[in-house]
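So the structure is just underneath, and the comments pick up after that.
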Amino acid sequence: MAIDDEIEGKMDQVKGKLKEEAGKATGDASTEAEGHGDQFKGKAKEALGDAKDALDKGKEAITKS
């Protein structure tokens with residue numbers, strides 16, 4: 001479901017931000033970079049969910065016409 005992708009995306013972004021901040025606080029560049037990656041992955045999942053929603057709405061509009 002698209003909503004699942006959007007929720008997972010938001011969760012990945014939060015997890016990534018926490019990991020990034022932990023990396024900054026400890027001076028661990030690797031953890032900080034992983035955090036950035038997790039945030040990017042989360043944004044991509046969220047965008048996928050948005051695209052699925054738009055596709056579903058388009059399908060509904062076509063079938064109603």
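Since every read-out is calculated from the coordinates, none of them should be taken as a lab result. As the structure is a computational prediction, the values presented were derived from the model and not from experiment. For neighbour counting, all protein chains shown are included, and Cβ atoms are generated from backbone atoms with ideal geometry for every residue, glycine included.
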For GLN13, only one of the following conditions fails: (1) surrounded by 14 or more Cβ atoms within 10 Å (Cβ to Cβ); (2) free of Cβ contacts under 8 Å to residues at least 12 places away in the same chain. What is its number?
(2)
Quickly run through region 12-38 and pick out the residues that are closer than 30 Å to LYS57 by Cβ and out of contact with any helix residue (DSSP H, G or I) (no Cβ under 7 Å at 6 or more places or on another chain).
VAL14
Unique residue being within 30 Å of ASP56 (Cβ to Cβ) and either among the hydroxyl-bearing types (Ser, Thr, Tyr) or in contact (Cβ under 8 Å) with a residue 40 or more places away in the chain (or both) when the list is LYS45, LYS41
LYS45
